[in-house]
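Here you go, one structure.
Nothing in this text is a laboratory measurement; each read-out follows from the coordinates by a stated rule. As the structure is a computational prediction, the values presented were derived from the model and not from experiment. All Cβ positions, even for glycine, are placed from backbone atoms using ideal geometry, and neighbour counts span all protein chains on display.
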Ligand SMILES: Nc1ncnc2c1ncn2[C@@H]1O[C@H](COP(=O)(O)OP(=O)(O)O)[C@@H](O)[C@H]1O
Ligand SMILES: [Mg+2]
């Protein structure tokens, strides 16, 4: 198989692990920086070139789109999608998960539990919003933060108000969120590939820190057995997003899992080290199956997929729920 990994840097741990795992299974694997592509938009014949040269026909594309290049990187992924090349994960799914508010909106419609979250864009009614999320301390988050940057805790209503004012003045979109006290600086990261949990770890924040991101100095401990409720929540969350590969972050709430966010390009270093699972090979294994299943994607399939994506976000919560769920499964790409 000819596999393309979209990544800014071939020497990053996750990228190089995927490349090596692909080559070990006798695939031809290349890495191209999404910013090196030119996107050619032309009626009926979308294409991509790299520095003006045509690209070979890839069997499957694996985007590792970092936060800093979301828009251009997403446009490149979308172009592969439009060209009918199997992309794991697809552009719509990546965009959904990248925006925390959009992700939470979609999740709650499918009965997945999340911390109570309020979004606002003006100071009027901030007191009521704080009440809604259970008072202080409360969490303030940038809608597009990653690696713990952009997630803050505010101990008093005054702190919430001044944080919000500052962030709004800076043009940032934010959410206010219920602080899940009982999680005590811990969360669970589950890696879901092709609808199955393949690895999980509990991350424990360093002393004095409430964020359990490894980038913020947290420790990851492998979890051999993920409780069923957590397994189910993680799988359902990725289905709702339409992701084939995901890292799902969950807090351990009193009543069970509360989904925080779903990462479309989860880092492999921490989870492979903590769990001992070869996640890179699991990704390649699923890419093989996915490429085989979607090999003959016709123009019509591409169109149908786009139409279904729109319908899916519009679907009323109750009616046609099971129908929309199977749609997500079928056209998730
Ligand atoms: N509502 C919350 N209650 C308790 N802890 C939280 C809450 N939201 C986030 N955290 C902590 O902060 C970390 C980062 O938050 P997250 O929403 O995953 O943003 P990021 O994209 O920066 O990782 C989480 O892993 C968790 O440890
Ligand atoms: Mg996170």
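Could you tell me the relative contact order of the range 184-278? Use alpha-carbon pairs under 8 Å, at least six residues apart, and round to a whole percent.
30
Now a separate question. Can you give the Rg to Rh ratio for the range 184-278, taking only C-alpha atoms and Rh from Kirkwood?
0.93
Once a ≥ b ≥ c are taken as the square roots of the eigenvalues of the Cα gyration tensor of the range 11-141, is the result rounded (a/c under 1.5), prolate (a/b larger than b/c) or oblate (a/b not larger than b/c)?
Prolate, since a/c reaches 1.5 and a/b exceeds b/c.
Just to verify a number: FRET efficiency for residue 181 and residue 39, C-beta to C-beta distance, R0 = 30 Å, to 0.05?
0.05
Using the count of nearby Cβ atoms within 10 Å as a rough guide to exposure, how do 250, 152 rank from fewest to most?
Details: 250 27, 152 19.
Ascending number of Cβ neighbours within 10 Å: 152, 250.
What's the Cα-based Rg to Rh of the chain, Rh via Kirkwood?
Result for the chain is an Rg/Rh of 0.97.
Which residues in the range 153-180 place their backbone N less than 13 Å from a point set 7 Å from the Cα of residue 124 along the Cα-to-Cβ direction?
none
Between the range 241-305 and the range 175-230, how far is it from one alpha carbon centroid to the other, in angstrom?
16
Follow-up question, since we're still on this one. Compute the acute angle (0 to 90°) between the alpha-carbon long axis of helix 100-109 and the principal axis of greatest extent of the alpha-carbon atoms of the chain; round to the nearest 10°.
Between the helix axis and the principal axis of the chain, the angle is about 90 degrees.
Helix 70-82 sits at what angle to the longest principal axis of the chain, using alpha carbons and giving 0 to 90 degrees rounded to 10?
Rounded to the nearest ten degrees, it is 40.
Additional query: Over the Cα atoms, compute the radius of gyration (one decimal) and Dmax (the largest Cα-Cα distance, rounded to a whole number) for the range 116-179, in Å.
Here Rg and the maximum Cα pair distance are 10.4, 30 Å.
Further question on the same structure: Report the label-to-label distance for residue 70 and residue 105 in nanometres (one decimal), using points 7 Å from each Cα along the Cα→Cβ vector.
The two pseudo-label positions are separated by 1.4 nm.
From zero up to wherever the largest Cα-Cα distance of the range 73-183 sits, split into 10 Å bins and tell me the percent of pairs in each.
13, 39, 28, 14, 5, 0
Defining a contact as two alpha carbons under 8 Å apart and six or more residues distant in sequence, what relative contact order in percent does the chain show? Walk me through the intermediate numbers first.
Working: 627 pairs, mean separation 58.2, N = 333.
Computed value for the chain: 17 percent relative contact order.
Order the peptides 35-46, 52-63 from the highest to the lowest mean number of other Cβ atoms within 10 Å of their residues.
So the peptides 35-46, 52-63, ranked by packing, come out 52-63, 35-46.
Separate question: Write down the Å³ per residue value for the convex hull defined by the alpha carbon atoms of the range 63-126.
It is 131 Å³ per residue.
Right, another one. Between residue 51 and residue 23, what is the label-to-label distance in nm when each label sits 7 Å out along the Cα-to-Cβ direction?
2.0
Once each part is reduced to its C-alpha centroid, what is the distance from the range 72-140 to the range 1-58 in angstrom?
Between the Cα centre of the range 72-140 and that of the range 1-58, the gap is 27 Å.
From the helices alone, meaning DSSP H stretches of at least four residues, give me the mean residue ellipticity at 222 nm for the chain, per-run term -39500 (n - 2.57), in deg cm²/dmol to the nearest 500.
On the way: 11 runs with 126 residues, N = 333.
Helix-only estimate at 222 nm: -11500 deg cm²/dmol.
So, one more: Where does the range 1-55 land on the Kirkwood hydrodynamic radius, alpha-carbon pairs, in angstrom?
Details: mean 1/r = 0.0809 Å⁻¹.
The answer is 12.4 Å.
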